[in-house]
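The structure appears below as structure tokens.
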Amino acid sequence: MSRSLDTLRFDNRFTRQLPADPESTNQRRQVMGACYSRVLPQQTRQPVLVACAREVAELLDLTLETCASEQFLRVFSGNEVLTAMDPYAMCYGGHQFGHWAGQLGDGRAINLGETLNGRGERWALQLKGAGPTPYSRTADGLAVLRSSVREFLCSEAMHHLGVPTTRALSLVLTGDPVVRDMFYDGNPQAEPGAIVCRVAPSFTRFGNFEIFAARQQWDVLQQLLDYTIRTDFPHLPEPDIDTYLMWFDEVCRRTAAMIVHWMRVGFVHGVMNTDNLSVLGLTIDYGPYGWLEDYDPDWTPNTTDAEGRRYRFGQQPQIGQWNLGQLARALAPIVGQVEPLQESLMRYSSLYNDGYNAMMAQKLGLSTFDPATDVDLINDLQSVLQLRETDMTIFFRSLAEVAPVADEADAQAPFEAAYYQTDPLTEAQHHDTLNWMRRYADRVRRDGAPHDTRRQAMNAVNPKYVLRNYLAQLAIDKSAEGDHTMVQELLEVLRRPYDEHPGKEEFAQKRPEWARHRAGCSMLSCSS
Ligand code: AMP
Ligand code: MG
């Protein structure tokens, strides 16, 4: 047997320093007073490696040769546990769709341990879909190919877009069928099972803290808090009440920054429950997420959320704050005061707004945000983008091409390139669009940057390539037939989403009409 993974150096601090569940079976249960339960991955029948992300392998000091080895496949399909690993599932709770849901926990994620790379960085490894844990409730602990392709590709796409996120090392087919009722309509089907290995400094969520507050286990809550500060926020002083407040303030700032990025690239998380928000401000848990095609702040990809649209694109910033409010409530009894927590929550709003304005100014190629003119310019652009279905990604990319002295025909071009409708504009639409473009051109002239400089700056923040919903679905369809080339091809293009990729322009095009209402392309359920 090849032993190529022996170079991985483990330092399993989470299990070493935090209270464990004394039981280590995977029988479903309420786990009291413990941060985690030890549990082993389930054996898989016939694992096949679908893809591996080379940059993530590099983070772990693994060579591509190692990633292609038999041992790699055994370990990242759950068939072999290295002796230095200490696999466990975390205990957490959460507010789902605005309501306290009690204990949730890693129902289908098994942490293998924490590695230290040659640069001293700590990276936790986690298999998603490797079998049941005490937290699996009524479900099977497994994951299907479609959701795993989506998680694998999107984690990496987000990283390369510059959005803070958990990473994905590998995507493996297990060879075992997994039964899912994709639309919860009484049509269960066997689908290919798969496992993604996720990688992050830590996977700690708001819900890890909430569960101990809900159970009034203040000692465990404090232990987890001290541990998190020392391990994941080593730049903060030794834990005490002031440090807890600084920590919460930092979680607020990181969450605001993360959501500004989501709004920049047109990402809709889809299930912003408090168990799906990382205290590190990383995008985590890629489920029924989606990418805005036509600019619509009310859009949500999640069919489970279709009615209330709680997690729609335009509401993500407010939900971030609501979730931080739940984290603050969990911490309040420990810090013994409410006002400083509330101040951080208030600061979240102003930080988010400032971040959003600065980000939009960048998207527009302006070297600074001028509140006197740019608040209106940005608001009015949002209205103009909604006059008719306008592809957000294509619009901003095309806008960079327009010189500020453009004539009227050129002025219309960035919109024309991005419209989904083909019928001519109405008089009023034409008027509003041209009017906005004239103001924009004036503003760009006042800004004064040379055309080329502005163009380059815009193309560095407005991606050409995002993981369009239908592209992920096409890759999934091919993979399900055993052809994994499109997964690899998308991974390759999405590594450099701001660059031109001659020959791959099709991946930057508008969503085709057939995908408008197709399952997986426009509507996604939580079934995964
Ligand atoms: P989500 O909102 O999809 O992140 O998941 C909510 C909770 O359900 C988490 O505790 C998950 O671990 C759990 N869960 C989701 N799918 C499964 C599954 N197939 N088996 C076991 N637990 C699951
Ligand atoms: Mg989750």
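Just a few scattered comments:
- So GLU307, is it over 17 Å from the mean Cα position of the chain (by Cα), free of Cβ contacts under 8 Å to residues at least 12 places away in the same chain, outside the structural domain of GLY129 (by TED's automatic domain parsing) and away from ligand 2 (no atom under 15 Å from the Cβ): yes
- Against the numbered list (1) more than 22 Å from ASP305 (Cα to Cα); (2) open to solvent by 20 Å² or more (accessible area, probe 1.4 Å); (3) within 15 Å of ligand 1 (Cβ to nearest atom), PHE97 comes up short only at (1).
- Cβ pairs under 6 Å, 6+ apart, first in segment 438-467 and closer than 21 Å to ASP370 by Cα, second of a type in the set (D, E, K, R) and open to solvent by less than 20 Å² (accessible area, probe 1.4 Å): VAL461/LYS363; ASN462/LYS363
- Note on segment 135-145: residues that are within 16 Å of ligand 2 (Cβ to nearest atom) and in contact with a strand residue (DSSP E or B) (Cβ under 8 Å, 6 or more places away or on another chain) amount to 6.
- Check on GLN342, modelled with pLDDT of 95 or more, polar (S, T, N, Q) and open to solvent by 50 Å² or more (accessible area, probe 1.4 Å): yes
Every residue, every condition in (1) under 22 Å from the mean Cα position of the chain (by Cα); (2) surrounded by 11 or more Cβ atoms within 10 Å (Cβ to Cβ), yes or no:
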site: HIS484; (1), (2): no, yes
site: ARG495; (1), (2): yes, yes
site: ASP499; (1), (2): yes, yes
site: GLY503; (1), (2): no, no
site: ARG516; (1), (2): no, yes
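- Some residue of segment 146-156 being within 21 Å of GLY93 (Cα to Cα) and within 14 Å of ligand 2 (Cβ to nearest atom): no
- Residues that are among the hydroxyl-bearing types (Ser, Thr, Tyr), surrounded by 15 or more Cβ atoms within 10 Å (Cβ to Cβ) and out of contact with any helix residue (DSSP H, G or I) (no Cβ under 8 Å at 6 or more places or on another chain) do occur in segment 398-419, at least one of them.
- Residue that is surrounded by the fewest Cβ atoms within 10 Å (Cβ to Cβ) [pool: residues in segment 295-305 that are more than 16 Å from ligand 1 (Cβ to nearest atom) and of a type outside the set (D, E, K, R)]: PRO297
- Condition met for TYR356 (buried (at least 20 other Cβ atoms within 10 Å of the Cβ) and either of a type in the set (Phe, Trp, Tyr) or modelled with pLDDT under 95 (or both)): no
- Single match in LEU474, LEU491 (criterion: closer than 22 Å to TYR286 by Cβ, of a type outside the set (D, E, K, R) and open to solvent by less than 30 Å² (accessible area, probe 1.4 Å)): LEU491
- Considering GLY162, GLY131, the condition of being more than 17 Å from the chain's Cα centre (by Cα), of a type outside the set (Phe, Trp, Tyr) and either in the same structural domain as GLN42 (by TED's automatic domain parsing) or more than 14 Å from ASP285 (Cα to Cα) (or both) is satisfied by GLY131 alone.
- Of the helices (runs of 4 or more DSSP H) lying entirely inside segment 176-287, the ones with 1 or more residues being within 13 Å of ligand 1 (Cβ to nearest atom) are found at 206-214.
- Figure legend. Inter-residue proximity from segment 95-109: first residues on the phi > 0 side of the Ramachandran plot, second residues assigned to a loop (DSSP other than H, G, I, E, B) and near ligand 2 (Cβ under 10 Å from one of its atoms), beta-carbon distance below 6 Å, spacing 6+ or different chains. Indicated pairs: GLY105/TYR92.
- Filter result for ASP6 (outside any loop (DSSP other than H, G, I, E, B), closer than 30 Å to GLY175 by Cα and open to solvent by 50 Å² or more (accessible area, probe 1.4 Å)): yes
- Residue count for segment 282-294, restricted to those that are open to solvent by less than 20 Å² (accessible area, probe 1.4 Å) and either assigned by TED's automatic domain parsing to the domain that holds PHE152 or more than 16 Å from ligand 2 (Cβ to nearest atom) (or both): 4.
The values are calculated or read from the model by the stated rules, or taken from the named source; none is laboratory data. Everything numeric in this text was worked out from a predicted model, so none of it was measured. Because the Cβ atoms are built from the backbone with ideal geometry, glycine has one as well, and the counts that use them run over all protein chains shown. Accessible surface is based on the protein model in full, side chains and every heavy atom, while ligands, DNA and RNA are left aside. Shrake-Rupley method; radii C 1.70, N 1.55, O 1.52, S 1.80 Å.
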